[in-house]
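A short reminder: the numbers here are calculations on the coordinates, not readings from a lab. Bear in mind the structure is a predicted one, so any value in this text is a computation, not a measurement. Using ideal geometry, Cβ is built from the backbone for each residue, glycine included, and neighbour counts are taken over all protein chains shown.
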Amino acid sequence: MIETKGLRKSFRARKGTVEAVRGVDLTVRDGEIFGFLGPNGAGKTTTLRMLATLIVPDGGDALIAGADLRRSPGEVRRRIGYVAQGGSTWDTVTAREELVLQARFYGIAKSTARARAAAAIDAFQLSEFADRKCQTYSGGQRRRVDIALGVIHQPRVVFLDEPTTGLDPQSRAHMWDEVRRLREEGMTVFITTHYLEEADALCDRIAIMDYGQIVAEGTPDELKREVAGDVVTVGVNGAAPKAEGLLGGEGYVRKLESSDGGLRLYVDEGATAIPQILRTLDGAGVALASIELHRPSLDDVFLTKTGRSLRES
Amino acid sequence: MKLAKDTWLIFQRQMMLVLRNPVWLIVGIIQPLYYLFLFGPLFKGALQLPSAAAYQLFVPGILVQLAIFGTFFVGFALISELRAGVIERSRVTPVSRLALLLGRSLRDVVTLMVQAAIITVLSVPFGLTAELTSVLLAFAVLALIALMLSALSYGVALKLRSEDALAPLLNTIGIPILLLSGILLPMNHAPAWLKDVSEWNPFSWAVDATRALFAGNPGDPSVWKALTILAALTVVCVGWAARSFAKSVR
């Protein structure tokens, strides 16, 4: 659905040029929720704005929903939706008026545009406030209107730039449901976020960006496994040397460390390793005091790939 | 065709916003009325002219002033729209870039025409007389000024993107344009050097032309000269602003 090659963009700043995006290669598949993760200033928004035809890349190519970004940006515009981070509504008009206008920007006839607006108001549950002026909306309501505006022309791909930033937990959960609903309707959703939990819970696949480059790409599980695997901590009450001897030779154990009173085992998949560990220890008569599974987070992935924690940056 | 359709779409939207909050439309009418009531009698007395002659000189001046100051500051509204994300929302759609500008400028021209018509009618009791065809030509001059300056204002606003930068710039340009156009007093009262400088001010030509038209001399050379100069400048300003709209800045 989206295929980019060597996408680059630099900006002139007071102190020389800033290379915001330095060669991005991405593949986004049809019908997936693709998460674009990275700290503020990593180049996520710049990449997104290039893909949405708002800024012209310095170099590289991209194919979006079958249209060439460099050669036919007009065609790209027809096939994509874009929802900016900072909102997009005007205070003194209503959501319904905005929806009709936005549909008409795409050349949709007036009566059809009205019907589309009404359908969007239903689908995004805006009816309660759709005929009030936008200045009266809460942050969450505003964001829902922004998304409804972004997909009023039923695009094949929609770009959402940090759609949940600044929302309370309830509105965020609501937003996740909306994003999943868009995918169910057949849309490909490209979403940027700097929330690890969001990328983990919502996205089918993610790419991690840092200093203008992609440092990792894959499903959240793949990325975590690639980095560290799962860690199983076993408490064996002083029988550590014996347990170490028993488990050290097992094929599924990648690495083994002794920690105070127990062992840390690095395994590919904790869920299947735990029964095996239990069986081995039980069979040899080692009494098990505790067993704990630690799954690496996307923050661990980020830490390994960039040398710092996303939460700190 | 698409350009016309999109321009009409933007125009309708902008017009709706004006009608929903007509404060600025009304302020635009009240300000020239102040000049008409509070400065007109002074003007008449200072130049020692009979009423009709005085207002034939004075009203064209305040109409041109209205055209300049009513449209030169429209860029401020665009900066608000940029900040709200409305412009970006239109730029990701296939809507014509030129229409984004023309629809807004057309709104500015239409509101100016309404304001100017009201001022003209209200000047009649003071003794203003003029022929309809000449007045229509004078309004064409005003429309060109409005189109040119609103496009220029939008173009500059797109570049600066900040009210704090836009206000001083527009004032710095606007005030000398006003003073060098003979709007408040005819330039033939000026010393030679000031008159020479004002010859370079296209709005000085516009004021001369509007005065000639209200005086019933549509054949005066200042009329075709003003129309030509203003039309050329309008094409330049609209072309430049349209390019700014199309090109992405940041």
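Using every alpha carbon pair in chain B, what percent of pairs falls into each 10 Å bin from 0 up to the bin containing the largest distance?
7, 31, 34, 20, 7, 1
Out of every Cα-Cα pair in chain A, what percent are more than 27 Å apart?
Percent of Cα pairs beyond 27 Å in chain A: 53.
For the range A:167-253, what is the Kirkwood estimate of the hydrodynamic radius, computed as the reciprocal of the mean inverse distance between distinct Cα atoms, to one decimal in Å?
16.6 Å
Note down, for the range B:1-138, the three equivalent ellipsoid semi-axes (square root of 5 times each alpha carbon gyration tensor eigenvalue), biggest first, whole angstrom.
Working: eigenvalues 265, 49, 23 Å².
So the equivalent ellipsoid measures 36, 16, 11 Å along its semi-axes.
Relative contact order of the range A:229-295: what whole-number percent is it, with Cα pairs under 8 angstrom and at least 6 residues apart? It would help to have the intermediate numbers written out before the result.
Values: 116 pairs, mean separation 33.0, N = 67.
Answer for the range A:229-295 is 49 percent.
Listed highest first by mean packing, meaning other Cβ atoms within 10 Å per residue, what order do B:31-39, A:59-67, A:160-168 come in? Write out the running numbers ahead of the final one.
Details: B:31-39: 15.8, A:59-67: 17.4, A:160-168: 19.9.
The peptides rank, most packed first, as A:160-168, A:59-67, B:31-39.
Counting only C-alpha contacts under 8 Å and six or more residues apart, can you give the relative contact order of chain B as a whole percent?
About 29 percent, as a whole number.
Quick one: pull the percentage of alpha-carbon pairs in the range A:229-295 with a separation above 15 Å.
Roughly 40 percent, rounded to a whole number.
Determine one quarter of the surface area of the Cα convex hull of the range B:15-78, which equals its mean projected area, and express it in nm² to one decimal.
Values: hull surface 19.9 nm².
With every direction weighted equally, the projected area is 5.0 nm².
Too long at a 28 Å Cα-Cα cut-off: which of A:LYS5/B:LYS2; A:LYS5/B:LYS247; B:LYS195/B:LYS225; A:LYS133/B:LYS5?
Result: A:LYS5/B:LYS2 exceed 28 Å.
To the nearest Å, what is the center-to-center distance of the range B:206-249 and the range B:10-73, using C-alpha atoms only?
Between the Cα centre of the range B:206-249 and that of the range B:10-73, the gap is 19 Å.
Going by Cα centres, the range A:167-245 and the range A:251-313 are how many Å apart?
18 Å
Working out 0.36 nm times the residue gap between B:LEU122 and B:LYS159, then minus their Cα-Cα distance, what length gain in nm do you get to one decimal?
My answer for the length gained is 9.4 nm.
Say each of A:ARG181 and B:ALA46 gets a label point 7 Å from the Cα, pointing the same way as Cα to Cβ; how far apart are those two points in nm?
Each label point lies 7 Å from its Cα, and together they span 6.6 nm.
Mind checking which of B:ALA138, B:ALA52, B:ALA157 has the largest fluctuation in a GNM of chain B, springs on alpha carbons under 10 Å?
Of B:ALA138, B:ALA52, B:ALA157, the Gaussian network model singles out B:ALA52 as fluctuating most.
If one takes the longest principal axis of the Cα atoms in chain A, at what angle in degrees, from 0 to 90 and to the nearest 10, does the Cα axis of helix A:270-283 lie?
Tilt of helix A:270-283: around 10 degrees.
Using a 10 Å cut-off on Cβ to Cβ distances, tally the other chain neighbours for every residue of A:77-86 and report the average as a whole number.
3
Which whole number gives the average, over all residues in B:80-91, of C-beta atoms from other chains lying within 10 Å of the residue C-beta?
Going residue by residue through B:80-91 and averaging, the value is 5.
If the viscosity is 0.692 mPa s and the temperature 37 °C, what translational diffusion coefficient in µm²/s does Stokes-Einstein give for the protein assembly as shown when Rh comes from Kirkwood over Cα pairs?
Answer from the Stokes-Einstein relation: 117 µm²/s.
Check cross-link reach from A:LYS224 to the aspartates and glutamates: straight Cα distance under 14 Å, and skip same-chain residues fewer than eight apart.
By straight Cα distance, A:LYS224 reaches A:GLU197, A:ASP200, A:ASP204, A:ASP268, A:GLU269, A:ASP299, A:ASP300.
Return the single residue from B:GLY174, B:GLY28, B:GLY219 with maximal mean-square fluctuation; model: Gaussian network over chain B, springs between Cα atoms under 10 Å.
B:GLY219
Along the range B:63-78, what does the Karplus equation 6.51 cos²θ - 1.76 cosθ + 1.60 (θ = phi - 60°) give for ³J(HN,Hα), rounded to whole Hz, x for Gly and Pro?
These are the phi-based 3J(HN,Hα) values: 5, 5, 4, 4, 4, 6, 7, x, 10, 5, 9, 5, x, 4, 5, 5 Hz.
Return the sequence-ordered ³J(HN,Hα) values of the range B:189-197 in whole Hz as given by the Karplus equation 6.51 cos²θ - 1.76 cosθ + 1.60 applied to θ = phi - 60°, using x for Gly and Pro.
8, 8, x, 4, 4, 5, 5, 4, 4
Show me, for the range A:144-160, the HN-Hα J-couplings you get by feeding each phi into the Karplus relation (A = 6.51, B = -1.76, C = 1.60, θ = phi - 60°), rounded to Hz, glycine and proline as x.
5, 5, 4, 5, 4, 5, x, 10, 4, 9, 6, x, 8, 10, 10, 9, 10
Determine the shielding of peptide A:150-160 by partner chains: average, over its residues, the number of Cβ atoms on other chains within 10 angstrom of each Cβ.
Per residue, the average neighbour count from other chains is 1.
Scan around A:TYR82 for amide H atoms under 5 Å from its own, H built in the peptide plane at 1.01 Å from N, and keep only partners 5 or more places away or cross-chain.
A:PHE159
Okay, helix-only estimate at 222 nm for the protein assembly as shown: each DSSP H run of n ≥ 4 adds -39500 (n - 2.57), divide by all residues, round to 500 deg cm²/dmol; what do you get?
Estimated from H runs of four or more residues: -17500 deg cm²/dmol.
Would you pull out the residues with amide H under 5 Å of A:ALA216's amide H, same chain only if 5 or more places away, H placed 1.01 Å from N?
Correct list: A:ILE208.
If the elastic network links every pair of Cα atoms under 10 Å, which of A:THR219, A:THR92, A:THR53 fluctuates the most in the Gaussian network model of chain A?
Comparing A:THR219, A:THR92, A:THR53 in the GNM, the peak value goes to A:THR92.
Could you tell me what fraction of 2.2 N^0.38 Å the Cα radius of gyration of the range B:110-188 comes to, as a two-decimal ratio?
For the range B:110-188, the normalised Cα radius of gyration is 1.36.
Please list the non-local residues whose amide H lies under 5 Å from the amide H of A:ARG254, H modeled 1.01 Å from N, same-chain partners needing a gap of 5 or more.
Hits under the 5 Å cutoff: A:TYR266, A:VAL267, A:ASP268.
Using the Kirkwood radius over Cα pairs, work out the Stokes-Einstein diffusion coefficient for the range A:41-146 at 20 °C and 1.002 mPa s, in µm²/s as a whole number.
Once the numbers are plugged in, D ends up at 139 µm²/s.
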